[in-house]
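Here is the structure we will look at.
The values are calculated or read from the model by the stated rules, or taken from the named source; none is laboratory data. The model shown is predicted, which means the values in this text are computed figures rather than measured ones. Using ideal geometry, Cβ is built from the backbone for each residue, glycine included, and neighbour counts are taken over all protein chains shown. Just so you know, the surface numbers come from the protein's heavy atoms only, side chains and all, with ligands and any DNA or RNA stripped out. Shrake-Rupley method; radii C 1.70, N 1.55, O 1.52, S 1.80 Å.
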Amino acid sequence: MSPSRRAWTLACVTLALAACDSSSLLGPDAAQGVEGLVLLGPQCPVATPDEPCPDLPYAASIVILDRRQDFVTIVESGADGTFRVGLEPGLYILVPEQGDPFPSAKEQVVEIREGVWSSVTIHYDTGIR
């Protein structure tokens, strides 16, 4: 395990132990939450219309914080890049795991509404240029 991944994992565990309030987290049969797709790209230094180089699905860890930035849970996207987690209505911050320095992705704020599944796409940058 790389030093940056070890530090990220330790930070997540510390947040989880410090907060220990997952009252916002719902089970798999929840009426609302967030679902998404995680992509990794670019995959090639040059893409053209004749030779496209699409981003690929990416398995990643994403920390979910509530609006007060308290830890809610960690969700893992599958090999197909998808994830889904039931949440109480409210604002949440999705914090993707970061590489050192790549791959990297930006935090996203998502609003969960009663009875609605919010969709997000998390784009990881490979650093390929």
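Note on the stretch 105-115: residues that are open to solvent by less than 30 Å² (accessible area, probe 1.4 Å) and within 21 Å of PRO54 (Cα to Cα) amount to 1.
If the condition is being assigned to a loop (DSSP other than H, G, I, E, B) and either of a type in the set (Val, Ile, Thr) or open to solvent by less than 50 Å² (accessible area, probe 1.4 Å) (or both), then the stretch 116-129 contributes VAL116, THR126, GLY127, ILE128. Within the stretch 52-94, the only residue that satisfies the criterion of being under 18 Å from THR126 (Cα atoms), within 10 Å of the chain's Cα centre (by Cα) and open to solvent by 30 Å² or more (accessible area, probe 1.4 Å) is ALA59.
Scanning the stretch 11-48 for residues that are farther than 23 Å from ARG84 by Cβ and small (Gly, Ala, Ser), we see that the one that is modelled with the lowest pLDDT is ALA18.
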